[in-house]
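Written out below as structure tokens is the structure these notes cover.
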Amino acid sequence: KTLGEDCEINMCKRIFASQTSDTGDVPFYKIGTIGGKADAFISQALFEEYRDRYNFPQKGDVLISCAGTVGKTVVYDGQPAYFQDSNIVWVSNPKQLYINSFLRYILSRVDWRKLNTTTIIRIYNDNLRELAVNFPSVKEQEKIVGLLSLIDELIAIQSKIIEDLKKLKVGICRKCFSKHPHNSSPLQSYFDYGKAGGTPTSTNKDYYDGDIPFLSINDITKQGKYIKSTDKTISDLGLKSSTAWVVPPYSLILSMYASVGLPAINTLPLATSQAMFS
């Protein structure tokens, strides 16, 4: 069936820019701030008047952004707040044939980019009403939502752990490397040989598709710390025609251009472009 058979699509009464301010009593959410921190406010008196006289979401209703970053879904928590008309709409659920949290998962999975052939995507009310949906029983919806919510919770926990570890790493690096070390020596005193690479002329096919792996910055960004393969190779002729040289395995390689300062260690002999120092 379609979503419009069992629910209604509503929007708030229009609020004009002149009725908002940078500070105030009640947050006014626009498409750029829904789900985040409001940057505009309306007065308590205006909020109460519009909430009582016009359409307004019930606690638990699913709001969705229809312009800009389309398809962003938020469950209304019942706290005083107002929402930008037509750009943010909500789905009323009078028949209670589905639970709102299940509906939110459905709306968040729709590829709204398929709605328009132009570069500017817009969700219209009819797009929501005509959306084909398949709702299982309420009991099954609750089980599905319970599982997905648990996964979301685990993702949030892991994301928090990752962010905390990043902060810990920054703190350790700052502690270890910010001070000038005692008895310091130039870096060159610690390696046998160091030099930038070189790139054979790209128009000469004889210089490429040989047996020598040829490292690019793209390889570093894809593989990270250890380089085990390269997308491109060059021939012996290409090596001799340029300033490229064969870097021995387990050398330290540092990018110098574009993505500056990316370090990597090669696990196989390879050559690099002039954008890297080995």
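The values are calculated or read from the model by the stated rules, or taken from the named source; none is laboratory data. The structure displayed is predicted, hence computed values, not measured ones. Counting neighbours? That spans all protein chains shown, and the Cβs are built from the backbone with ideal geometry, glycine included. With ligands, DNA and RNA removed, areas are computed over all heavy atoms of the protein, side chains included. Shrake-Rupley method; radii C 1.70, N 1.55, O 1.52, S 1.80 Å.
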**Study point:** Debye-sum result for the chain in log10 I(q)/I(0), which assumes one identical scatterer on each alpha carbon, at q = 0.07, 0.11, 0.17 Å⁻¹
**Key:** -0.53, -0.83, -1.26
Revision key, fill the gap. Longest principal axis of the chain (C-alpha) makes with the long axis of helix 138-177 (C-alpha) an angle, in degrees to the nearest 10, of 40 degrees
Exercise for review: Output the peptides 139-152, 258-271 sorted from most to least packed, where packing is the average of other Cβ atoms within 10 Å over each peptide's residues.
Suggested key: 258-271, 139-152
Study note, to complete from the structure: Computed over the chain: longest principal axis from alpha-carbon atoms vs helix 44-53 long axis, angle to nearest 10 degrees, is 60 degrees
Review point. Which of 59/160; 72/143; 13/37; 72/232; 13/95; 195/222 have a Cα-Cα distance over 31 Å?
Key: 72/232
Practice item. Could you compute the FRET efficiency for residue 240 and residue 265, with r as their C-beta to C-beta distance and R0 at 22 Å, rounded to 0.05? Key: 0.30
**Study point:** Spin-label model distance (nm) - residue 190 vs residue 67, 7 Å beyond Cα toward Cβ
**Key:** 5.6 nm
Check your understanding: How much of the accessible area of the chain, in percent, comes from carbon and sulfur atoms when a 1.4 Å probe is used?
Key -> 55 percent
Practice item. Tell me the Kirkwood hydrodynamic radius of region 1-158 in angstroms, computed as one over the mean inverse distance between distinct C-alpha pairs. Key: 16.7 Å
Point to revise | Under the Karplus curve 6.51 cos²θ - 1.76 cosθ + 1.60, θ = phi - 60°, whole-Hz ³J(HN,Hα) for region 11-25, x wherever Gly or Pro sits | key: 9, 6, 4, 4, 10, 8, 4, 5, 8, 10, 8, 6, 9, x, 8
Review point. Can you give the FRET efficiency for residue 222 and residue 133, using 1/(1 + (r/R0)^6), R0 = 35 Å, r = Cβ-Cβ distance, to the nearest 0.05?
Key: 0.35
Practice item. Evaluate E = 1/(1 + (r/R0)^6) for residue 183 and residue 232, where r is the Cβ-Cβ distance and R0 equals 51 Å; express this FRET efficiency to the nearest 0.05. Key: 0.75
Practice item. Give me the distance in nm between label points sitting 7 Å out from Cα along the Cα-to-Cβ direction at residue 170 and residue 19, one decimal. Key: 4.1 nm
